[in-house]
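Participant: First, the structure itself, so that you have it in front of you.
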Amino acid sequence: MKLGLLGTGTVMALLAACGSGEGTARLPSGDHVHSLGVTSDGTLLLGMHGGLYRSTDGEVWELAGLQGEDAMVIASAIDQPMFVAGHEVLYRSDDGGETFTPQPVDLPGLDIHAFAQAPTDGGSVYAYVVGHGLFWSGDGGDTWEQRAEVEQLPQDLFGLAVVGTGADTLVLVGPDSGILRSQDGGRSMVSVLQSQVWAVTVDPADPQVVWALTTGGLDRSSDGGQTWETDLSLPGVDGQPVALAVDEGAIWLVTGEPRALYRSADEGDSWERIAGR
């Protein structure tokens, strides 16, 4: 089964519902926001508890598919297959998010709270399956092998990134455990920073540059997650950020309450509100 874009009538109804009488662009309303992603052509993807949305400018959004699904994580490396994972969700797209196909079930479960794709090898992906541990696939999710038992992992694991030019260096984050790093594909890991962290992503322009979303703002590493510049302020951002994405020209943030989308073109020194209340 492949899931594609909805028809024009449905899209127009959605835009009307999300439009603002104040002349301000709005993000999709309804279920809470889980994730944010950017495709290789610059299209924004917004993962929510009830589906996946897309936008070319951050102002006008349409339902891209996975209606009723929990799009908790979006993994989209440049010129590589795209994945969406979440609670009982694992889909792959080979056409930049136009259509999504459920992945074969070769995992002990599909309650996936963290998922990551190697920046330079889109077939190398990792999945943290709640209650089962960390798994790795070298063939784009067709088959999997376990890398860490659940007892070896932080119980609050909420974000995962593959850093550098290989596929074995990982950064793992959680609101209680902070930032951990592994150099052997998740078989072992060490704590590198104690901080409340909610999301982590790699800069597509440089796979050694890693951004982490914290309660205090943003943390940045330029050496593959070994050392961090912490608590970079978010001037002009109103509300606690809940999702983070980086493309080659900008950093993107979504805040919870009030729900809004922000963009920075200067590595976080200043922020522009693109959509929101």
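The values are calculated or read from the model by the stated rules, or taken from the named source; none is laboratory data. If you're wondering where the values come from, they're calculated on a predicted model, not measured in any experiment. Backbone-built Cβ (ideal geometry, glycine too); neighbour counts: all protein chains shown. Keep in mind that these areas ignore ligands, DNA and RNA; they rest on the heavy atoms of the full protein, side chains included. Shrake-Rupley method; radii C 1.70, N 1.55, O 1.52, S 1.80 Å.
Participant: If I ignore ligands, DNA and RNA and count only protein heavy atoms, how much of residue 262 is accessible to a 1.4 Å probe, in Å² to the nearest 10?
Facilitator: Accessible surface of residue 262 is approximately 10 Å².
Participant: Mind giving me the nanometre distance, one decimal, between the label points for residue 222 and residue 105, set 7 Å out from Cα along Cα→Cβ?
Facilitator: Roughly 4.7 nm, to one decimal.
Participant: Further question on the same structure: Could you derive backbone 3J(HN,Hα) for region 53-66 from the dihedral phi with the Karplus parameters 6.51, -1.76 and 1.60 (θ = phi - 60°), listing whole Hz in sequence and x where the residue is Gly or Pro?
Facilitator: 10, 9, 8, 8, 9, x, 9, 10, 10, 9, 6, 8, x, 6
Participant: With each label point set 7 Å from Cα along the Cα-Cβ vector, what nm distance links residue 57 and residue 232?
Facilitator: 2.7
Participant: Given 0.36 nm per residue, what is the gain on full extension from residue 49 to residue 139 after removing their alpha carbon distance, in nm?
Facilitator: Details: separation 90, 0.36 × 90 = 32.40 nm, distance 2.76 nm.
The span from residue 49 to residue 139 would gain 29.6 nm if fully extended.
Participant: I need the Kirkwood Rh of region 186-226: take the reciprocal of the average 1/r across all distinct C-alpha pairs and report it in angstrom. Show your work: numbers first, answer last.
Facilitator: Details: mean 1/r = 0.0914 Å⁻¹.
Value: 10.9 Å, from the Cα pair sum.
Participant: Next question, about the same structure. Given all pairs of different Cα atoms, what value in angstroms does the Kirkwood hydrodynamic radius of region 54-147 take?
Facilitator: Working: mean 1/r = 0.0740 Å⁻¹.
When all Cα pairs of region 54-147 are included, the Kirkwood radius is 13.5 Å.
Participant: Under a 1.4 Å probe, what is the accessible area of region 73-159 per residue, stated in Å²?
Facilitator: Numbers: 3240 Å² over 87 residues.
Solvent-accessible surface per residue comes out at 37 Å².
Participant: If the chain between residue 152 and residue 257 were fully stretched, how many nm would it gain, using 0.36 nm times the residue separation less the Cα-Cα distance?
Facilitator: Here the answer is 34.4 nm.
Participant: Can I ask one more? Points 7 angstrom from Cα along the Cβ direction at residue 41 and residue 79: gap in nanometres?
Facilitator: For residue 41 paired with residue 79, the spin-label model returns 1.6 nm.
Participant: With all protein chains present, how much of the accessible area of the chain (probe radius 1.4 Å) comes from carbon and sulfur, to the nearest whole percent? Each step should come with its number before you reach the end.
Facilitator: Working: 5190 of 11250 Å².
In the chain, the share of accessible area belonging to carbon and sulfur is 46 percent.
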